[in-house]
Amino acid sequence: MTEERLSFQAEVSKLLDIVVHSLYSDRRIFLRELISNASDACDKLRYEALTNPALREGSDDFRITLKVDADAKTIEIADNGIGMNRQDLIDNLGTIARSGTEAFVKQLQAAGKSGDASQIGQFGVGFYSSFMVANTVEVFTRRAGESEGWHWTSDGGGEFSIGEAEVAAPGTRIVLHLREDASEFLEAWRLKSTVKTYSDHIAIPVVLLGTEEKDGKTEDTAETLNEASALWTRPRSEITPEQYKEFYHHVGHAFDEPWHTVHFKAEGAIEYTGLLFIPSQKPFDLFQPERKTHVKLYVNRVFITDEAPDLLPSYLRFMRGIVDSSDLPLNVSREMLQHNPVLRKIQGGLVKRILSDLKKRAEANAEDYAAFWDIFGAVLKEGIYEDHERRQEVLELARFRSSTTDGWVSLADYKARMKTGQDTIYYITGDDPEVLKRSPQLEGFRAKGVEVLLLTDPVDEFWINSVPDFQDTPLKSAASSVEGLDEIAGPDASDETTTEDKAPADQIETLTKALKETLGDAVKDVRASSRLKESPVCLVAEDGGMSLHLERMLKQAGQAGIGLGSAAGRILEINPAHPLIKGMAARTAQGTPDSLADMGQLLLDQARIVEGEAPADPVAFARRLSTVMAGAL
Ligand SMILES: Nc1ncnc2c1ncn2[C@@H]1O[C@H](COP(=O)(O)OP(=O)(O)OP(=O)(O)O)[C@@H](O)[C@H]1O
């Protein structure tokens, strides 16, 4: 039979190079990966056979077998699961299917050869981890429902071969030709302890096949190495933290410690068991829109799907684990799961449980909760606008950066320390908390010691407008109106800007009018400000209008119709107590000077630059600046 040689996708070759050449700290994980794949393959076949029983006709019960041949220096891992056809082999064992792993390999490539290969333990190298212990890997496989069998082989270089092969029954058998330095895995005790450590939670029996001498005869033996019952069906008291962790690794395709583990049984109108995890590391594809839920749905311990659309809302997409219910029909098709009322009820129960667990963890240990919030806060906040019913709960869980303290602040913390006379929660949106803290819009708030929440996640722009208040205290942008700031008691009344410090009101009025005239459509309005203390000018958004930050975000995202520098709701505020503004006001009161047009444009450009924007016309900006500097000599 002819074998065809094919090349690995470039990323696979790179990954294999890393796998083979890195001194991997714990090579035993190859067995965990292969057993995990075998178990997934059995789950898939069990599901497909629900609607097509012919696929399982005449088959034995599902099981995964291990076999050692000490003379040939091989180990075999076989399953009677779904199997693969030629195209499956090319797609699955020639490319990297998992986006996280692909992103990781690209990152290593970008870092050059010096990339830290020790990190690979955190990522799924899956099947390719075989090459940590084997110099040649063979796969014999046949897809359930098909008659041709296939042989795949590779030495972990740049290529693999595929050819037809006799394969007696559907399933997959992987033969590892062990490297000289991996012969320890030929020892049965080594395999047994590895399975016990990493794969005990696997619900399908993992059986070690062997022989023993009895009464002068050689007899075949079959020893089941794992518990072989679904982990979530066992009593909590009998499951160790290690077993929970290994199950999380298997079910979540994850390699970190779970930050949170919750195992519970819901009893009542609808019964189900949940075993759910929150990761402690950020998954690569957390913000990819096509990302679906990673919680697997089982019905009476039969795997149904890991893409049940309504199992969890998208703002909890970081959750991993399983849900098993006996209240769904076993032959439920994936299509039937769309808008399924039972699933909806389960979702309600899961969300309630997860949010209440988060609340408990937040109350128990703020620092520990911050570790969760750092990674998943931006995702959880999507719930504020997606889940009206639970908006208050999610708001209570939300944490923010603040202009007056380091670390994370809750809305309740903020309210508890509001100043006398303050009846509003102030916030400002932007990209960088450090830049926001220093922004001119906050000068008045700083002078009075009024705390402002710094909202720096893109998602903040989307929920903030739909939340008028938190527990009856209104939320307002500090970058639009400063209403109410005057009523708040400052730390020291002598710090207040007095009328004597400011340019006379009539002069300011003349100046604002002249500036408005010269700036034309570039701003919506020019007005005297009570917020500015050190800066001469700043840009603010019109009350109820789009924030400057959102305007920039939309512009960057290429939204049509939004032009930077457009007047769209932008107001230029001037500081009547600033020497420059005072000087300009006094001069303009005697008649508008020729230089006012240039100075007005420069002030506006300055306000734009402080916002992190470019001057509207950089060439004109440079020319004006030179003219003004020359005039000052
Ligand atoms: N024993 C098997 N039977 C059937 N298909 C398999 C088997 N082993 C691997 N596959 C297929 O090959 C694919 C790639 O496997 P691989 O282990 O590289 O990645 P994965 O299991 O998807 O993710 P992970 O990186 O978390 O292991 C699997 O998704 C599956 O489709």
Considering residues that are in contact with a strand residue (DSSP E or B) (Cβ under 6 Å, 6 or more places away or on another chain), small (Gly, Ala, Ser) and over 28 Å from PHE62 (Cα atoms), the number found within segment 167-187 is 0
Criterion first (touching a residue at least 40 places away in the same chain (Cβ under 8 Å), more than 15 Å from VAL206 (Cβ to Cβ) and within 14 Å of the ligand (Cβ to nearest atom)) does LEU16 satisfy it? yes
Scanning segment 366-422 residue by residue, those in contact with a helix residue (DSSP H, G or I) (Cβ under 9 Å, 6 or more places away or on another chain), part of a helix (DSSP H, G or I), hydroxyl-bearing (Ser, Thr, Tyr) and farther than 20 Å from GLN281 by Cα turn out to be TYR385
Of the residues in segment 286-316, those that are surrounded by 16 or more Cβ atoms within 10 Å (Cβ to Cβ) and of a type in the set (Asp, Glu) number 2
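Residues are listed down the side, and each one gets a yes or a no for (1) outside the structural domain of LEU515 (by TED's automatic domain parsing); (2) touching a residue at least 40 places away in the same chain (Cβ under 8 Å); (3) hydroxyl-bearing (Ser, Thr, Tyr); (4) farther than 16 Å from VAL526 by Cβ:
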{"site": "ALA585", "(1), (2), (3), (4)": "no, yes, no, no"}
{"site": "GLY591", "(1), (2), (3), (4)": "no, no, no, yes"}
{"site": "LEU596", "(1), (2), (3), (4)": "no, yes, no, no"}
{"site": "GLY600", "(1), (2), (3), (4)": "no, yes, no, no"}
{"site": "GLN606", "(1), (2), (3), (4)": "no, yes, no, no"}
{"site": "GLY612", "(1), (2), (3), (4)": "no, yes, no, yes"}
{"site": "ALA620", "(1), (2), (3), (4)": "no, no, no, yes"}
{"site": "ARG624", "(1), (2), (3), (4)": "no, no, no, yes"}
Flagged pairs (Cβ under 9 angstrom, 6 or more apart or on separate chains; first in segment 317-337, surrounded by 13 or more Cβ atoms within 10 Å (Cβ to Cβ) and part of a loop (DSSP other than H, G, I, E, B); second modelled with pLDDT of 90 or more and basic (Lys, Arg)) are ASP327/LYS345
For PRO474, are the conditions met, namely being assigned to a strand (DSSP E or B) and either of a type outside the set (Lys, Arg) or under 37 Å from the mean Cα position of the chain (by Cα) (or both)? yes
* touching a helix residue (DSSP H, G or I) at 6+ places or on another chain (Cβ under 9 Å) and of a type in the set (Lys, Arg): does that describe ARG32? -> yes
Checked pairs for segment 421-437, first closer than 15 Å to THR404 by Cα, second aromatic (Phe, Trp, Tyr), C-beta under 6 Å and 6 or more apart or across chains, list as ILE425/TYR414
Taking segment 206-225 and keeping residues surrounded by 11 or more Cβ atoms within 10 Å (Cβ to Cβ), touching a Ser or Thr at 6+ places or on another chain (Cβ under 9 Å) and not hydrophobic (A, V, I, L, M, F, W, C) leaves GLY210, THR221
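Residue-wise test of (1) basic (Lys, Arg); (2) in contact (Cβ under 8 Å) with a residue 40 or more places away in the chain; (3) surrounded by fewer than 15 Cβ atoms within 10 Å (Cβ to Cβ).
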| site | (1), (2), (3) |
| --- | --- |
| ASP26 | no, yes, yes |
| ARG32 | yes, yes, no |
| SER39 | no, yes, no |
| LEU45 | no, yes, no |
| ARG56 | yes, yes, no |
The condition from (1) touching a helix residue (DSSP H, G or I) at 6+ places or on another chain (Cβ under 7 Å); (2) of a type in the set (D, E, K, R); (3) in a loop (DSSP other than H, G, I, E, B) that ASP60 misses is numbered (1)
Only one of LYS265, LYS345, LYS360 is in the same structural domain as GLN243 (by TED's automatic domain parsing), in a helix (DSSP H, G or I), of a type outside the set (S, T, N, Q) and without any contact (Cβ under 8 Å) to a residue 24 or more places away in the chain, namely LYS360
TYR272: passes all of (1) buried (at least 18 other Cβ atoms within 10 Å of the Cβ); (2) within 21 Å of the chain's Cα centre (by Cα) but (2)
In this structure, does GLY583 turn out to be of a type outside the set (A, V, I, L, M), at pLDDT 90 or above, over 30 Å from LEU550 (Cα atoms) and not in a loop (DSSP other than H, G, I, E, B)?
yes
The condition of being within 34 Å of the chain's Cα centre (by Cα), among the acidic types (Asp, Glu) and at pLDDT 95 or above holds, among GLU451, GLU434, only for GLU451
Per the filter on segment 76-102, residues more than 10 Å from the ligand (Cβ to nearest atom), out of contact with any helix residue (DSSP H, G or I) (no Cβ under 8 Å at 6 or more places or on another chain) and touching a residue at least 24 places away in the same chain (Cβ under 8 Å) are GLU76, ASN85, ARG86, ILE90, SER99
**Prompt:** Could we say that LEU395 is surrounded by 18 or more Cβ atoms within 10 Å (Cβ to Cβ), modelled with pLDDT of 95 or more and of a type in the set (A, V, I, L, M) here?
**Reply:** yes
Of those in segment 62-75 that are within 16 Å of the ligand (Cβ to nearest atom) and crowded, with 17+ Cβ neighbours inside 10 Å, the residue nearest to LYS192 (Cα to Cα) is LEU66
Please work out if LEU550 is under 17 Å from GLU613 (Cβ atoms), part of a loop (DSSP other than H, G, I, E, B), at pLDDT below 90 and hydrophobic (A, V, I, L, M, F, W, C). no
Among GLY124, GLY115, GLY158, the single one that is within 11 Å of the ligand (Cβ to nearest atom), at pLDDT below 95 and assigned by TED's automatic domain parsing to the domain that holds GLU48 is GLY124
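The values are calculated or read from the model by the stated rules, or taken from the named source; none is laboratory data. All of these numbers come straight from a predicted model, not from anything done at the bench. Note that we place each Cβ from the backbone using ideal geometry, even for glycine, and neighbour counts take in every protein chain shown.
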